[in-house]
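These notes are about the structure you will find just below.
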Amino acid sequence: MVIDEETMKVTQDTKITSYKLPLAILFALTFALALVSLVSAQGPTPTDDEVNRIAKQLYCPVCESTPLDVCPTEACRQWRDLIRTKLGEGQSEEQIKQYFVTQYGARVLAEPPNRFASYLVPAVAILLGVLFLARAFQMWMKPSITEAEAAANEAPPADPYIARLEEELKKQK
Amino acid sequence: MIANFGFGVLVVSFLVTLYSVFAAIYGERTKNAAMVESARRAMLLTWPLLTLTSGILIYLLVNNHYEVQFVYEVTSRSMPTYLKITAWWGGQSGSLLFWSWLMSAFASLVTLRKWDRDREFLPWVIVVACVTMAFFIGMNVFFENPFAQVYQTFEGINAYTFQPADSVLFTPADGRGLNPLLRHPGMVIHPPMLYLGFVSFVIPYAFAIAALITGRTDDRWIRLTRRWTLWAWLFLSFGLVLGGRWAYDVLGWGGYWGWDPVEIAAFMPWLTGTAFLHSVMIQEKRGMLKHWNMLLVILTYDLVIFGTFLTRSGVLSSVHSFAQSAIGPLFFVFIGFTLITSVALIIYRWKELKSETEMTSMLSREALFLLNNLLFMSILVVCFWGVIYPLISELFTGAKVTVGPPFYERATSPLFAALLFLMGVAPLSAWGHSTVKTLGRVMWKPIIGAVLVTIVLFFTYTQKVTALLAFFIIAMTILVTIYEYWRGAAARQRSQGENILTAFWNLTGRNRRRYGGYIIHLSMMLMAVGILGIEMFQKETQGTLAAGQSLNIAGYEVRYKEIASWDNPGAGVNYTRSVVDIYEDGEYLGQLTPRIDYYFDSQQTMTIPGNRSTLRDDLYILLVDWEPATASGATFKIYVNPLVNWLWFGSILFLAGVIIAAWPEKEADRVSVKARSRVQQPSAAD
């Protein structure tokens, strides 16, 4: 009986254990998942280099011409801290840049957002320069070709000896 | 009292320049030589007058006359005397006076030359120089008086040229002090160099305008001003390099060039000036491009004024501050006036400026020089657009934008690469005529050499395609230049029986312009190596360290040792100096001491890097931050800047090259058109 009780107990314990195990695994998994999502939300503390990689592409409206990663002012230091926080929250580079654009306007970016407009004018101007030069070359070359043809008709003797002779003869005249 | 005297002398200088302008015009119109001579002497008087004015300003600066607003703004009692003197160009009104003073020195120098054959140019050179001077002195007299004094009135404390009624002179106990960034030796020399470059470009412009007005449109004006142009170019180039070095040493961002509008303002006249230096050779040798050369020198002049305008008018910070600025709109009007008048003169003389010969080959030296001009102008277009785009955007859309380094780097790098390539090819092409065959014959050896160099670099240094391409172009151009030099020296060695070193020396001496040019090209290549190194291979890292901890980068280990902070009351500075040990692959290299200086008077800091510089790279360390309470931790930013030293070596070689090219040499003054048209044979002779 004792044995039976013992057996029962063991069996019950086994049953309980057999219930407990998946539960524990489930709990552990849930906890792990929660932890992972928590960690991914906060992330490991971003390094200075990660912050600077984004800060390098931004300019604060006050410190003109000084990229954010090297600007020594207090305001820029706060911006860098903000980038660090946002990186820690798991935001992407684009999201962070967009945040600053929304807050302070497109001037925070190192380049105008409308890249087409900013490159179009110099590209067209340079192209016009190329066309102008090509046209000028064309105009210059035309008369010279005619001249060259005319010169070819009365081309001096190719032999340098004869050329020298001609020269000597001219001198004698 | 003494400030009032200074202002009085300034007003007299202004009146004298005006007199000079009118006397020169009147003398020329009435063919009254005495009147022109009077204008010349009046012009010669401007330099002593402006020297006196400047001397008075320096006296006030050195002797702490803080009742003078300018003195109050740029000096303080703790500044050493030499810095108080250089504070002359440390602020707006002083720097405008400095501009005028340099201009008067150059104008005087040019009028002291013998004018025998060129007397017809004289009145117009005086007019242009004096109009420019009158404009700048006028700015000082009417808007930016460096002698304005601070008075206390019922309305408050303000600066006035003349003492207002019911006021007392107000003398602050100490000045605000010069911006610490401007206290660096590089910054002490950089502005004068830049300004020297700026004002000396006025001289070729003055001669060009004189040539246009008098109708003497042959290349006499170019020959007369060639050396001026070269010196102007030297000063401007050196000013730019010094500015770069200054930025590298004190701005604390690990670089030397940030495509800042102020930098670009000085770079733009350099671009047109360099194009001009090349294209005048076409006019001298072939009698071509007369319109173009005129246009280039006019553009250079107006870009010089535009550069000063950009930095002085406040237009860069906002179009609105430009509108509020007293001098901004005036600059704008002056640029418009000079540009329109000058271009109108070109149109007036259009027919007389016709080319004497025609282009005969697409690969001739003149054709390649034109390509060079196209590239310089293209870079100018990019720079100009980059500077004005934010203003246009603000004006038309109300939205401010930033045009920063990515735009300029992307847009100009192919243009610069093409320029480097041209530098390799053009010296080998001949005036008048060249073919692929003739070029190929002299180029194949340097090209093979460059390919070998590139292969070696591929296996030992980098696999980046763009970098390898750039290294190939640089190697080719260096080898071409050295090969050309060597060919010349070898020929001389054979014909004159000299040893090779004497042959090199004599070769350079006989044709300074050509071989000076080669040395300049070589120096540009060295600079290109430095620029390529920092642009393509720069590495950086940042971290906060406790004592004994390290940061690792590119094989270096930077170990933080200690930090100390102390005041130097005499100099008015607090120093925070950190000490770091440097190791490379475990081997101890030495110590560096990056520091931060805080200036009490101006309440500004300056970040001084610790820099270990070798031919291979610079280890450049900045102290970004530290814990003042415990001094236990400090944040460092570390850059490894490969090859950057070549940039500075290149600039020293550049200086040597320009001095050689500009050194006076005996030469035939005139080359007749007939002689020019005879230069049709394929020859690389310069």
- Message: Condition check: out of contact with any Asp or Glu (no Cβ under 9 Å at 6 or more places or on another chain), more than 9 Å from chain B (Cβ to nearest Cβ), more than 27 Å from B:W259 (Cβ to Cβ) and hydroxyl-bearing (S, T, Y). Does A:T45 satisfy that?
- Response: yes
- Message: I'm trying to understand the selection: among the residues of region A:54-82, which are outside any loop (DSSP other than H, G, I, E, B), within 15 Å of B:V624 (Cβ to Cβ) and not small (G, A, S)?
- Response: A:P67, A:E74, A:C76, A:R77, A:Q78, A:W79, A:R80, A:D81
- Just name the residue that is farthest from B:I482 (Cα to Cα) out of those in region B:515-545 that are open to solvent by 40 Å² or more (accessible area, probe 1.4 Å) and part of a strand (DSSP E or B). B:T544
- Task: Can you tell me which residue within region B:339-361, out of those that are hydroxyl-bearing (S, T, Y) and touching a helix residue (DSSP H, G or I) at 6+ places or on another chain (Cβ under 6 Å), is farthest from the other protein chains (Cβ to nearest Cβ)?
- Result: B:S342
- Query: If we keep just the residues of region B:335-392 that are of a type in the set (G, A, S) and at pLDDT 90 or above, which is farthest from A:R135 (Cα to Cα)?
  - Reply: B:G336
- Residue pairs qualifying under the 8 Å Cβ cut-off, at least six apart or on distinct chains, with the first in region B:433-453 being aromatic (F, W, Y) and the second being outside any loop (DSSP other than H, G, I, E, B) and open to solvent by 70 Å² or more (accessible area, probe 1.4 Å), are none
- Message: Could you check region B:488-539 and list, in sequence order, the residues that are of a type in the set (D, E, K, R), farther than 30 Å from B:D618 by Cβ and within 25 Å of the chain's Cα centre (by Cα)?
- Response: B:R512, B:R513, B:R514
- Message: I'd like the residue in region B:288-301 that is open to solvent by 10 Å² or more (accessible area, probe 1.4 Å) and of a type outside the set (A, V, I, L, M, F, W, C) and, out of all such residues, is nearest to B:W431 (Cα to Cα).
- Response: B:K290
- Name the pairs whose Cβ atoms lie under 6 Å apart, with the first residue in region B:281-297 and under 22 Å from B:R514 (Cβ atoms), the second of a type in the set (D, E), and 6 or more positions between them or separate chains? B:I282/B:E366; B:Q283/B:D219; B:E284/B:D219; B:R286/B:E366; B:G287/B:E356
- Item | Selection from region B:392-409 of residues that are out of contact with any Lys or Arg (no Cβ under 7 Å at 6 or more places or on another chain), more than 8 Å from every other protein chain (Cβ to nearest Cβ) and assigned to a helix (DSSP H, G or I) | B:I392, B:L395, B:F396, B:T397, B:Y408, B:E409
- Task: Please give the number of the condition B:G543 fails out of (1) within 14 Å of chain A (Cβ to nearest Cβ); (2) closer than 27 Å to B:L653 by Cα; (3) of a type outside the set (S, T, N, Q).
- Result: (2)
- Task: Those residues that are open to solvent by 30 Å² or more (accessible area, probe 1.4 Å) and in contact (Cβ under 8 Å) with a residue 60 or more places away in the chain, I need them from region B:81-97; list them, please.
- Result: B:Y82, B:W89, B:Q92
- Note on the structure: Across region B:68-104, the tally of residues that are under 19 Å from the mean Cα position of the chain (by Cα), among the hydroxyl-bearing types (S, T, Y) and more than 22 Å from B:L45 (Cβ to Cβ) stands at 2
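Conditions tested, residue by residue: (1) of a type in the set (D, E, K, R); (2) over 19 Å from B:D625 (Cβ atoms); (3) buried (at least 20 other Cβ atoms within 10 Å of the Cβ); (4) at pLDDT 90 or above.
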position	(1), (2), (3), (4)
A:A55	no, no, yes, yes
A:C60	no, no, yes, no
A:C71	no, no, yes, no
A:I83	no, no, yes, yes
A:I96	no, yes, yes, yes
A:A125	no, yes, no, yes
A:L128	no, yes, no, yes
- Listed by first then second residue, the pairs whose first member lies in region B:362-389 and is at the interface with chain A (Cβ under 8 Å from one of its Cβ atoms) and among the β-branched types (V, I, T), whose partner is open to solvent by less than 10 Å² (accessible area, probe 1.4 Å) and in a helix (DSSP H, G or I), with beta carbons under 7 Å and at least 6 positions apart or on separate chains, are B:V381/A:P122; B:V382/A:P122; B:V382/B:Y408; B:V382/B:T412
- Message: On the basis of being in contact (Cβ under 8 Å) with a residue 12 or more places away in the chain and either facing chain B (nearest Cβ under 9 Å) or open to solvent by less than 20 Å² (accessible area, probe 1.4 Å) (or both), does A:G105 make the cut?
- Response: yes
- Query: Which residues, counting only those in region B:546-576, are free of Cβ contacts under 8 Å to residues at least 60 places away in the same chain and within 14 Å of chain A (Cβ to nearest Cβ)?
  - Reply: B:Q549, B:N552, B:T576
- Task: Considering only region B:103-139, state which residues are at pLDDT 85 or above, more than 17 Å from B:V199 (Cα to Cα) and open to solvent by less than 10 Å² (accessible area, probe 1.4 Å).
- Result: B:F121, B:L122, B:P123
- Considering only residues of region B:255-276 that are assigned to a loop (DSSP other than H, G, I, E, B) and small (G, A, S), which is surrounded by the most Cβ atoms within 10 Å (Cβ to Cβ)? B:G255
- Scan region B:410-421 for residues that are open to solvent by less than 20 Å² (accessible area, probe 1.4 Å) and more than 10 Å from chain A (Cβ to nearest Cβ) and jot them down. B:L419
- Can B:Y598 be described as farther than 21 Å from B:V558 by Cα and part of a strand (DSSP E or B)? yes
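The values are calculated or read from the model by the stated rules, or taken from the named source; none is laboratory data. Just so you know, these numbers come straight off a predicted model, no measurement behind them. Quick reminder, even Gly has a Cβ in these numbers, built from the backbone with ideal geometry, and neighbours come from all protein chains shown. Only protein heavy atoms, including side chains, enter the accessible area calculation; ligands, DNA and RNA are left aside. Shrake-Rupley method; radii C 1.70, N 1.55, O 1.52, S 1.80 Å.
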